[in-house]
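Below is one structure, written out as structure tokens; the observations come after it.
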Amino acid sequence: MPRLDQADKGEHVGDDHGRSLIGAVGRVPRALREDLWTMARDPLPRQGWFGWLPHGHLVLLAVVAGLGRMAEYSSAMPVLTGPVQLLVVLQSAALVLALSRPVPAWWLSTATLFLTAVVGDSTVGPDLLWPWSVWGIVAHTFVVLLLALRVPLRVTVLTLVITTLSGVVNTVMSTSFPHNEDLGSGAIAFATAAVVGASLRMSRVARTQLVAQEVITAEERSRRTLLEERGRIARELHDVVAHHMSVISIQAQVAPHLVENPSDELRENLAGIRQNAVEALTELRRVLGVLRAEEQAADGMRHAPQPTLDRLDELLDNVRAAGLGVEAETMGERRPLSPGVELSAYRIVQEALSNAMRHAPGARVRVETGYHAAGLTLRITNSAPTRRTGPAAAPLAGPGHGLLGMRERTAMLGGELTTGPTPDGGFEVTATLPIEPCEDST
């Protein structure tokens, strides 16, 4: 294939940039046309503490401006003609229309200003401002303000330019006696309204975007916390499952030696069981074991056994040594449960005690463990804190994410968790864990 030299490449890049620039410039008129030639409804929203009061004030202003402008032309013209009266009414209506459709309202107000100047060119005297009267400027100023509050800045600038140009055309077209021209003062009023409205709109948009970003950040933080907690639970359950798979492998290897003259079929089946257990254990360590690398603290405890309810008394002793008053009671006949239930129950009690140490300094805590036919019930309650702040309590070993971690563990086993304040100002955590977790629980 022929190779392009550097000049050819530069020429092609220049052509691409040129076409992009031409395309962008060509899209500007279409975008502006779409912005200005629209009848889209964009109602002015309710204004916080003021409610609908500003809307009523604007309607009242439209009536006052119409009456004032009518009086201006009555004193400046020998005869107040029907067309002038109609144009005055239409501009007042434009101010009311701006409450719901700002772009059409601006077109209507600008057109009435222009046509009123054309009709009154040969009849108005030097005492009336021209081409825009005082009340005409007031009404159009508020129309521009309402427009700038709800349209992009480029549209506001364009409408301001068109309004000013319409006044310039009026003065150029004038063929009668000299008028008391007010293009400068009117343009300043319109520009001020445009600047104020655009500033308020950009401030509102910035606040809206900030709120949206805060919501996204909070959702992302919650999602990340949830993933961290699930990863921590997966690391712990990995140890439990790995232990059982190791036991299965060892038992399958030893079983042939416990039988006198085992058959070849038995040896083959046991060898297959051991091989499957070893492969499953390898895959389990490959998938879940990598989660251990995410926490440096976990490296030192890689081979430590996961706690069960047998170590609950040790946990309570550690909490008491940290200065938290704890009472414990066990109801029902204590019996060993599945490793997942034992581990989750221990962690739930641990999290509840950690929360009490952090958020209820000086409180008394009661831990109730209930064994029944359907499963295990845990109830951890603390009284109201006796002091506002307490000494910085060191978190218990292996804390998770508080209530989120408890809910994840309970949901994983198909159980139920209820939390909430108590009537005496304390807090209560109650978890019900079934002995056999639901098969479809996730």
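The values are calculated or read from the model by the stated rules, or taken from the named source; none is laboratory data. Please read these numbers as outputs of a predicted model, since none were measured by experiment. Glycine also receives a Cβ, built like all others from the backbone with ideal geometry; neighbour counts cover every protein chain displayed. With ligands, DNA and RNA removed, areas are computed over all heavy atoms of the protein, side chains included. Shrake-Rupley method; radii C 1.70, N 1.55, O 1.52, S 1.80 Å.
General observations
- Applying a threshold of 7 Å to beta carbon distances and a minimum spacing of six or more residues, or different chains, the list of pairs starting in the range 112-132 at a residue that is open to solvent by 10 Å² or more (accessible area, probe 1.4 Å) and ending at one that is in a loop (DSSP other than H, G, I, E, B) and of a type in the set (A, V, I, L, M, F, W, C) reads THR123/MET77.
- Residue check, ALA105 in contact (Cβ under 8 Å) with a residue 24 or more places away in the chain and open to solvent by less than 20 Å² (accessible area, probe 1.4 Å): yes
- Residue among GLY400, GLY420, GLY390, GLY425 that is open to solvent by less than 60 Å² (accessible area, probe 1.4 Å), part of a loop (DSSP other than H, G, I, E, B), of a type in the set (Gly, Ala, Ser) and modelled with pLDDT of 85 or more: GLY425
- Among the residues of the range 60-88, the one identified as closer than 20 Å to SER166 by Cα, surrounded by fewer than 16 Cβ atoms within 10 Å (Cβ to Cβ) and touching a residue at least 12 places away in the same chain (Cβ under 8 Å) is PRO83.
- Hits in the range 251-265 - residues which are outside any loop (DSSP other than H, G, I, E, B) and open to solvent by less than 60 Å² (accessible area, probe 1.4 Å): ALA252, ALA255, PRO256
- All positions within the range 353-369 that are open to solvent by less than 10 Å² (accessible area, probe 1.4 Å) and of a type in the set (Gly, Ala, Ser): SER354, ALA356, ALA360, ALA363
- Residue satisfying condition, being within 30 Å of PRO339 (Cβ to Cβ) and open to solvent by less than 90 Å² (accessible area, probe 1.4 Å), within set GLU229, GLU220: GLU229
- Number of the exception - SER344 against (1) open to solvent by 20 Å² or more (accessible area, probe 1.4 Å); (2) assigned to a helix (DSSP H, G or I); (3) of a type in the set (Gly, Ala, Ser): (1)
- Tabulated pairs, the range 403-428, first more than 23 Å from ALA384 (Cα to Cα), second part of a loop (DSSP other than H, G, I, E, B), C-beta under 6 angstrom, 6+ apart or interchain: LEU413/PRO437; GLY414/PRO437; GLY414/CYS438; GLY414/SER441
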